[in-house]
Amino acid sequence: MKIAITGASGPFGSGVTRALVERHGVDPRDLILVSRDPGRLAEWAGRGAATRAGDFDRYEPLVDALRGAEKMLMISTNRVGQREPQHRNAVAAAKAAGVRHVAYTSFVGTPDTVSIALSDHRFTEGLLHDSGMAWTFLRDSQYAEAMRDAGAPAAIRSGQWVSASGGGRIAMISRDDCIAAAAAVMAGAGHEGRTYDITGPELISYAELAALFSEMSGRPIAYRAVDDEGMYAFFDSLGIPRRARDDHVVDGFGWCSDDMVSFEATLRQGGFAVISDDVLRLTGRAPESVRDFMMRHKDQILAAVSAPA
C-alpha cells in the first residue's frame, strides 16, 4: 500500500516519515513524499521513496503528486484563517488522484469556539466527511514546543507573561508524541471514521506555565492578565502581523495575532479543556507531561534566554 505524506519536508511530515520507516518497518519505496521543495527530501529519494512537488495552492500539480497513493496524511498548512481554499484543493486533489483514506492533522476543541484556527480545522473535517473518502481526524493539542521555543524564553527574558487566557487550561503535548500517534494511524488498520484527541496527560494554564518557567530560571515572572484588545496591543508592539502572511517572520516564527488572540479567547472560555488517553491507546506509551518536557529542555530554554536578540 502506497502512503502519501504532504508537507513531508517539514518538522511533522519528516518526523512521521522517519517513524513509519524506523518504528513501523514501512518500506521507503511505499512512501510518496510531497513537498513544495522536494529537494529537501534527498535522503528519502536515495532510499527509494517517491519525492514529488506538491503545493496546496496549485490543484492540478497536486493531483499528479498524489497519484498512486491509497492512504494520505494531510498535514494542515500554516496560513491560519486562510486555509479554506488550500484545504479544499487538497481534499479535491486527493479524491481525484484516487486516494481512499485521508488522515488529517486537526486540532482539539469543543463546539462553538471563537478560535479562527479551529474554524479552519472544522471546515476541513467537514470537507473530508463529505468527500466519499474514508477519513481519520487527529485532533492535536497545543505543542509544548511552542512554549519551549517562544513562550518560555520571552517570559523569562522580560520578566512577565501577558495573556488574555484567564484561568483557561489546555492539555499541551509534545510534537514527538503527536508524530508517534500519526505514524501509528498511518501504519495501522481500523482507523477509518475515527476521531482521536491527541493530548497531553494533564490540563495546565498559562499562569501555571509562567510559574514553572520562573521556577526553572530562578527569575520572577509576573503574570499580567489583559483583555483581547490588550493582547492585540501587546502583539502589535512586537511587530506581529494581525493576519497570517507567508513571508513575515518575527523572532523566527510565522505568527499572526488574529490567530493567537482568538486562541487565547477560546482558552479563556474553556474551549480547549480536552483531555484523553488516545495517545496511549494508539502508541502504547503515555505522552510526556509538560513539566517533564520543559525540564528535559531546560538548558535549551535558558540558552535561548541569553542568546543575542
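List of remarks:
- Enumerated helices (runs of 4 or more DSSP H) restricted to region 148-243, each holding at least 2 residues that are closer than 30 Å to ALA19 by Cα and within 21 Å of the chain's Cα centre (by Cα): 152-158, 175-187
- Scan of region 23-45 for residues that are more than 19 Å from THR77 (Cβ to Cβ) and assigned to a strand (DSSP E or B), ordered by number: LEU31
- Answer from GLY48, GLY109 - the residue that is part of a loop (DSSP other than H, G, I, E, B), surrounded by fewer than 18 Cβ atoms within 10 Å (Cβ to Cβ) and in contact (Cβ under 8 Å) with a residue 12 or more places away in the chain: GLY48
- In region 18-35, the residues that are without any contact (Cβ under 8 Å) to a residue 40 or more places away in the chain, out of contact with any Gly (no Cβ under 7 Å at 6 or more places or on another chain) and among the basic types (Lys, Arg): ARG18
- All positions within region 74-120 that are of a type in the set (D, E, K, R), at pLDDT 95 or above and over 19 Å from the mean Cα position of the chain (by Cα): LYS95, ARG100
- Scanning region 112-126 for residues that are surrounded by fewer than 21 Cβ atoms within 10 Å (Cβ to Cβ) and farther than 14 Å from SER262 by Cβ returns PHE123, GLU125, GLY126.
- Qualifying positions in region 126-146 - modelled with pLDDT of 95 or more and assigned to a helix (DSSP H, G or I): GLY126, LEU127, LEU128, HIS129, ALA144, GLU145
- Of the residues making up region 252-265, those that are assigned to a helix (DSSP H, G or I) and in contact (Cβ under 8 Å) with a residue 40 or more places away in the chain number 7.
- Every residue from region 203-229 that is out of contact with any helix residue (DSSP H, G or I) (no Cβ under 7 Å at 6 or more places or on another chain), touching a residue at least 40 places away in the same chain (Cβ under 8 Å) and either exposed (fewer than 15 other Cβ atoms within 10 Å of the Cβ) or among the acidic types (Asp, Glu) (or both): ALA222, ARG224, ASP227
- Test result for ALA65, over 21 Å from the mean Cα position of the chain (by Cα), assigned to a loop (DSSP other than H, G, I, E, B), assigned by TED's automatic domain parsing to the domain that holds ARG122 and buried (at least 22 other Cβ atoms within 10 Å of the Cβ): no
- Residue match in region 128-143 (condition: outside the structural domain of ILE301 (by TED's automatic domain parsing) and without any contact (Cβ under 8 Å) to a residue 12 or more places away in the chain): yes
- Residue that is nearest to ASP176 (Cα to Cα), among those in region 266-296 that are of a type in the set (D, E, K, R) and not in a helix (DSSP H, G or I): GLU288
- When the criteria are applied in full, VAL91 fails the requirement of being of a type outside the set (S, T, N, Q), in a loop (DSSP other than H, G, I, E, B) and touching a residue at least 40 places away in the same chain (Cβ under 8 Å).
- Taking first residues from region 153-170 that are over 22 Å from PRO308 (Cα atoms) and partners that are small (Gly, Ala, Ser) and crowded, with 23+ Cβ neighbours inside 10 Å, the Cβ contacts under 8 Å between residues at least 6 apart in sequence or on separate chains come to ILE170/SER141.
- ASP299 fulfils the conditions (1) in contact (Cβ under 8 Å) with a residue 12 or more places away in the chain; (2) in a helix (DSSP H, G or I) except for a single criterion, (1).
The values are calculated or read from the model by the stated rules, or taken from the named source; none is laboratory data. In this text the structure is predicted, and so the values were computed from the model without any measurement. Neighbour counts are summed over all protein chains in view; Cβ atoms, including those assigned to glycine, are modelled from backbone coordinates with ideal geometry.
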